[in-house]
Amino acid sequence: MMSSSFNVFRVGISFVVVCIFYKSAVDSLPELSPQKYFSTLQSGKASLAYFCQADSPSTSIFLEELNKAVKPLQDYGISVAKVNCVKEEASRYCGKEKDLMKAYLFRGNILLREFPTDTLFDVNAIIAHVLFALLFNEVKYVTTLEGLQNIENALKGKANIAFAYVRAIGTPEHRAVMESAFVYGTTYQFVLTTETALLGSIGTEDVEYAHLYFFHCKPVLDLTQQCRRTLMEQPLTTLNIYQFIKSMEAPLLTEVAEDPQQVSTVHLQLGLPLVFIVSQQATYEADRRTAEWVAWRLLGKAGVLLLLRDSLEVDIPQQANVVFKREEGMPVEYLVLHDIDLVISHVENNMYTEEIREDEDDDIEGPDMDTLGIEDDEVAETVYRDKKRQLPLELTVELTEETFNGTVTASDSIVLFYAGWQAVSMAFLQSYIDLAIKLKGTSTMLLARVNCADWSDVCTKQNVTEFPAVKMYKEGENPVSYAGMLGTEDLLKFIQLNRISCPVNITSVQEAEEYLHGELYKDLISHSRVSVLGLFSPTMTTAKENFTEAGKYLKGYVITGIYSEEDVSILSNKYTATLPTLLLARHKEDKVESIPLANTHAQDIIQIITNSLLETFPEITVENLPTYLRLQKPLLTLFSDGNINPQYKKAILTLIKEKHLDSLTPCWLNLKNTPVGRRILQAYFDALPPLPVLVVVNLHSGGQVFAFPSDQAVTEQNLLLWLEKLEAGLESPITILPAQEWKPPLPAYNFLRMMDAAAFQHSSRKGPECMEDTGVQENDQEQHEDKPAIRKEPTETLRIKHWNRSLSVTSSCPFLRPSEAFCLPPKWL
């Protein structure tokens, strides 16, 4: 890590690109002949060469990006040039055309590495790749948890680690990490990964964004002890990483005995606030322990100081035990906070407010404000930010009016219908390509796409009336419209679960047992938490028809099976069930429960199965919120800053098991995963309360919000007594939420009206027969027509389903930003 090679090439690195000669706006790049270029190479200095023969407009984009990289690379002592091949001077790098698609990295006369030029796709990629190649000792790349642990163990007691996850090499975040490593590489060991599994193994499940951890390994002398880790919560930019590392270098805790108004530390210079824990001689030891604990919690977010009241020459309010200083020149705040979580919340709440203000400023200064403001700001912003991202569109087949029918009839296909001018479509196109990457080489399903802006007739014939839309085409079956969340994982689940029939016909007791225990479809269990098996005697014709209709409806969303052989009583006796019955196999809990189905219609069976998919105590997310709101019950919500206390969870689960919470929907909300929860709590309490906090919110009637007493522990007994008081009307609400209409930003985004119209159309159509994937049926039509299965759902269910879908891509409530969390109806706020 601390090799001298870093210092050698840092003194002067020559970064030279020998490129195809093309007259473009790159005059700032010095041009050299091959002879001149090689004569300038010096020992210990690096250069990147790209040789070329003649004029070629195809390199203009590369040269433009290279030109942008000149100044940043010069700041690191790296020079940039281009070299033109001439007939008079022969060079083995002036080779065939295919050789001209690579860049060659040298140090002195030694070739270090070859880069395909398509990896140097923009200025960020150029800088990131060059520094990554040169800092091979300072930045270790790991792919496994074992590799990371080996580095961590080797550095315990010696040096600290900066561990970074980026989604891909060559991204702006990768560049930021490499630039930071250039500055701090001799002080800290940088470790880099692009493996999502590795990130998840250290406790972070959010792989959509880059992350950086600081491993405090230097103080660790016990090899069996894990290095303490601090997560950088700001986006990965060079400036943010610099500020974060500088804050890691600052003292964890400083004792002061002067006026807080006059105190200044490096934290204020970095834009971080100061928190003073007020102490006195009688409680000094306890106060210092508290201050150290607060300092670890706020590391990277604020500076923490122990203020000795007995030594102060200035007076501070007698009751104040915390002093907060936001920035230089601003008056300090004297606070009375008797809980560590209150101190943390106060700091984070102030930081959060500023982050939101900065985000709003960014929106104002950004381009295409008309689009951002009127359509869907987060989606349009994402599309604009990623407009230069080169998607591997070749992984999907682009269909036209001439090729559509022949393609979807020749093979099982998933087709995305989108509009190239629409932000939502373009945002989902990125997720669709991510799906193609996941399925590459593992699926026989053809992924195709139709740009309805170019081929409107195709989309009209396929009954596509809104964008984006996804349909599945299988030989011998009518097309099936996908109505789930517009995200990669949900669409992947839909495709995988559509591989089997609906419902699966089980032929023996042994096969039924294998089905219930997840052995029959092992590869699909990860996509379906519950497997459903309907048990019927051979004579129960109507009951079997109802169950089969329900299974058809739920195809692609849950695994269903049916067993109606003569020996069905073996299974019904084993699981203590009366025929007809449903067996619900919950694979995660490894248990099977039965639900009687006597005189139950298909619609009721669908509702039973849908409810069985719900968790008993879920974390509220964008995917599941509409589902739980559909239950029309008050929400009993535990707001937590991170994972919930196991004791609290146990108390609530016990009350659920004992049926005390049947009239409520118990759930919890993680503010770290869902930052907008802070604003929700502020709307409830006016100021952010200490966490965790438990509330009951009656969204569906009255809008009352009740808060569990903060001075009581969340135990089964205390919670039950409080709920009994609520039921008896002995508790007063802390606030009453106003009733407001939740309208779409534009009529074109009125998804609920669209779903109502779709429901009316569906009710008059006959559903398709569900077939095995291997079945073949003659199709004499010239082109497929979309004839969806009959879906006799209540209107409210259809509304919720489409609401669930729209939340993933559109901001139906303009006062919230999906990038912060998800869209909530006004009554939640």
Lys/Arg +1, Asp/Glu -1 at C-beta; region 164-215 dipole; positive extreme among Gly170, Ser180, Thr196: Ser180
Cα gyration tensor category, rounded, prolate or oblate, for region 107-211 with a/c compared to 1.5: oblate
Sequence-distant residues sharing a close amide H with Gly44 (under 5 Å, placed H): Gly108
Cα-based shape type of region 602-747, given that a ≥ b ≥ c are square roots of the gyration tensor eigenvalues and the cut on a/c is 1.5: rounded
Portion, in percent, of the accessible area of region 74-228 that falls on carbon or sulfur, probe 1.4 Å: 51
Cβ-derived FRET efficiency at R0 45 Å, Lys591 paired with Thr237, nearest 0.05: 0.40
Carbon plus sulfur fraction of accessible area for region 410-530, probe 1.4 Å, in percent: 48
Difference of contour (0.36 nm per residue) and Cα-Cα distance, Gln319 to Ile169: 48.7 nm
Pairwise centroid distance, computed over Cα atoms, of region 182-230 with region 571-612, Å: 46
Accessible area per residue, Å², region 505-578 with all protein chains present, probe 1.4 Å: 45
Computed E for Ser311/Val266 - FRET, C-beta separation, R0 25 angstrom, nearest 0.05: 0.65
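The values are calculated or read from the model by the stated rules, or taken from the named source; none is laboratory data. This one's a predicted model, so the numbers in the text were calculated from it and none came from an experiment. With ideal geometry, Cβ positions are generated from the backbone for all residues, glycine too; neighbour counts draw on all protein chains shown. Heavy atoms of the whole protein, side chains included, go into the accessibility calculation; ligands, DNA and RNA do not. Shrake-Rupley method; radii C 1.70, N 1.55, O 1.52, S 1.80 Å.
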